[in-house]
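Structure record follows, encoded as structure tokens.
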Amino acid sequence: MTILIREAHPTEYGPLGELTAQAYLQDGLLDFGESDSYLTELKDVANRAAAATVLVAVNGNALLGGVTFVSGPGPMADLAAPGEAEIRMLAVDRAARGNGAGEALVRACIDRAQALDGCEKVVLSTQRTMRSAHRIYERLGFVRTPERDWNPLPQLDDITLLTYELTLRHRHDTTCGGAATARH
């Protein structure tokens, strides 16, 4: 299988939103199922693309998955502080899993972060049950940061998201999260 990672085209926003929603629903990641308010956010790829970079994995014309790359603090960031980029909403179609699409999407985010001037880290949140994703993150050098674990629904005790970060090697071109560094 040949996997190409590129920015999502507007014509793919609807299909990618549905793919992402179905991946989360099928994997039991939405505590309230079809009535979970996060489902609306997962489906709204146009809104994500307006505030961040949405990448897709494709094989020919087949959409395999997608991810949202957030270049720093802002409306799409859950965790990113100055000097940090963030990965959000990684999803791969069930039928395409096990072929490297998820890892290729994460690698593309790392590459983008490394190209940002002043970007020191890539951060992300994940659910405890996303073990396949955890294996990808750890294989790529991400480490757990339990001190940053958080609950998106504070009124519910049992929804804690785990956090990971990757410290980057530098290749500077543009600014990351408002933290610019001097060139030497």
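Couple of notes before you dig in:
- The range 17-136: relative contact order as a whole-number percent, Cα under 8 Å and 6+ apart: 23
- Distance between modelled label sites at residue 167 and residue 36, nm, 7 Å Cα→Cβ extension: 3.3
- Estimated purely from DSSP H runs of n ≥ 4, each contributing -39500 (n - 2.57), the mean residue ellipticity at 222 nm for the chain is -8000 deg cm²/dmol once divided by its residues.
- Rounded to 0.05, the FRET efficiency of the residue 151 and residue 4 pair, given R0 = 41 Å and the Cβ-Cβ distance, is 0.65.
- Tensor-based shape of the range 1-144 (alpha-carbon gyration tensor, a/c under 1.5 rounded, otherwise prolate or oblate): rounded
- Between residue 117 and residue 61, the modelled labels are 4.3 nm apart [label points 7 Å from Cα along Cα→Cβ].
- Mean accessible surface per residue for the range 45-171, computed with a 1.4 Å probe while every protein chain stays in place, in Å²: 45
- The DSSP beta bridges internal to the chain are antiparallel in roughly 80% of cases.
The values are calculated or read from the model by the stated rules, or taken from the named source; none is laboratory data. From a predicted model like this one, the values you see are computed outputs, not experimental measurements. Here Cβ is always computed from backbone atoms with ideal geometry, including for glycine, and neighbour counts include all displayed protein chains. Surface areas here come from the heavy atoms of the whole protein model, side chains and all, with no ligands, DNA or RNA. Shrake-Rupley method; radii C 1.70, N 1.55, O 1.52, S 1.80 Å.
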